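Beneath this line is the structure, given in structure tokens, with notes to follow.
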Amino acid sequence: MQIPESPNGRAPLLEARGLSKRYGSTQALDSLDLAIEPGEVYCLLGPNGAGKTTTINLFLGFAAPTAGRALIAGLDVSTHDRETKERIAYIPEQVMLYRNLSGLENLEYFTALGGKGSPGRERLAEILVEAGLERDAVDRRVSGYSKGMRQKIGIAISIAKEADALLLDEPTSGLDPKASNEFSGLIERLRKRDVAVLMATHDLFRAKETGTRVGIMRYGRLVTEMSTDEIGHADLERIYLEHMHD
Ligand SMILES: Nc1ncnc2c1ncn2[C@@H]1O[C@H](COP(=O)(O)OP(=O)(O)OP(=O)(O)O)[C@@H](O)[C@H]1O
Ligand SMILES: [Mg+2]
């Protein structure tokens, strides 16, 4: 089937077409249609169990759809596992790192796993600083890092990988306001580099602050979608709550 092209002549970086996932009797995701272009930060909001993590897992190929397709740069995740994984980076709520290795050693390890070759130790150390890690933390063991510092390693991994798309699942939950603010700044920098970002979050403030678009999900369905420059912080909260009524 011919893939329709977006206005710039390329397939969107992240695209869901009728994407659905059923677990037993639970319709975790129901016919999601979504397209995210380079330089867009799409925030998925919705209550517990709405289908946000399921959406991300389908893009990552962690789960197979029961209907529809998840596409990365026009390639179906189900049939192009390696090619699609090469183009994306993933930051879960808890970034999994080797506690006994330093931040730099972790970055070296995960960059080597990416298979594209390493830009070299010095460049990797610079990337850690670009990702907001203090220079004197670069060689310290990760076991002493705060949650915010671990998230920065996650961002550094995606910068080193030169990922075109970034998937984040509740990245700011449990971060203090300053760490959360720094995190927003990093996402903004990735956006300016034309990365496409899909972020699941419960943080309405950050969604308005960092997102270019927000979508509200409920019972596996995308119930509304809006551009963040059309609305204020208070509007987003009101709209969210309105959609939570039965
Ligand atoms: N592996 C699984 N097996 C069975 N049911 C699952 C599985 N993963 C998710 N579900 C169900 O699918 C629905 C959507 O879950 P999902 O984790 O996508 O929600 P979420 O929006 O990420 O919620 P939260 O805000 O709590 O993280 C829920 O009803 C959940 O119980
Ligand atoms: Mg979730």
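For the residues Glu105, Glu93, Glu5, the requirement of being at pLDDT below 95, over 30 Å from Tyr240 (Cα atoms) and of a type in the set (D, E, K, R) singles out Glu5.
Return the residue satisfying two criteria in turn: it lies in region 134-160 and is of a type in the set (Ser, Thr, Tyr) and more than 14 Å from the chain's Cα centre (by Cα), and of such residues it is surrounded by the most Cβ atoms within 10 Å (Cβ to Cβ).
This residue is Tyr145.
Looking at Ala131, Ala163, just one residue is in contact (Cβ under 8 Å) with a residue 60 or more places away in the chain, in contact with a Lys or Arg (Cβ under 8 Å, 6 or more places away or on another chain) and surrounded by 14 or more Cβ atoms within 10 Å (Cβ to Cβ), and that residue is Ala163. The residue list Thr201, Thr212, Thr172 contains one member that is within 25 Å of Asp246 (Cα to Cα) and β-branched (Val, Ile, Thr), which is Thr201.
Which residue out of Tyr109, Tyr90 is over 29 Å from Tyr219 (Cβ atoms) and of a type in the set (Phe, Trp, Tyr)?
The match here is Tyr109.
Select from region 77-117 the residues that are loosely packed, with under 14 Cβ neighbours inside 10 Å, in contact (Cβ under 8 Å) with a residue 12 or more places away in the chain and of a type outside the set (Phe, Trp, Tyr) and write down the one among them that is farthest from Arg141 (Cα to Cα). Filtering first and then ranking leaves Asp81. Please go through region 186-232 and give me each residue that is hydrophobic (A, V, I, L, M, F, W, C) and under 26 Å from Ile153 (Cβ atoms), ordered by number. Answer for region 186-232, where residues must be hydrophobic (A, V, I, L, M, F, W, C) and under 26 Å from Ile153 (Cβ atoms): Leu186, Ile187, Leu190, Val195, Ala196, Val197, Leu198, Met199, Ala200, Phe205, Ala207. Looking only at residues of region 31-52 that are surrounded by fewer than 20 Cβ atoms within 10 Å (Cβ to Cβ) and within 12 Å of ligand 1 (Cβ to nearest atom), we find that the one that is nearest to Arg82 (Cα to Cα) is Gly49.
Within region 64-76, can you find the residues that are farther than 22 Å from Ile187 by Cβ, within 14 Å of ligand 1 (Cβ to nearest atom) and crowded, with 19+ Cβ neighbours inside 10 Å?
Pro65
In region 21-28, is there at least one residue being modelled with pLDDT of 95 or more, basic (Lys, Arg), within 26 Å of Ala131 (Cα to Cα) and within 13 Å of ligand 1 (Cβ to nearest atom)? No; the residues of region 21-28 include none that is modelled with pLDDT of 95 or more, basic (Lys, Arg), within 26 Å of Ala131 (Cα to Cα) and within 13 Å of ligand 1 (Cβ to nearest atom).
Here are some conditions: (1) buried (at least 22 other Cβ atoms within 10 Å of the Cβ); (2) free of Cβ contacts under 8 Å to residues at least 60 places away in the same chain; (3) among the polar types (S, T, N, Q). Ser180 meets all but one. Which one does it not meet? With respect to (1) buried (at least 22 other Cβ atoms within 10 Å of the Cβ); (2) free of Cβ contacts under 8 Å to residues at least 60 places away in the same chain; (3) among the polar types (S, T, N, Q), Ser180 is out only on (1). The set of residues in region 194-227 that are free of Cβ contacts under 8 Å to residues at least 60 places away in the same chain and not hydrophobic (A, V, I, L, M, F, W, C) comprises Asp203, Lys208, Glu209, Thr224, Glu225, Ser227.
The values are calculated or read from the model by the stated rules, or taken from the named source; none is laboratory data. Here the structure is a predicted model, which is why all the values come from computation and not from measurement. FYI the Cβ positions are ideal-geometry reconstructions off the backbone, even for glycines, and counts take in every protein chain you see.
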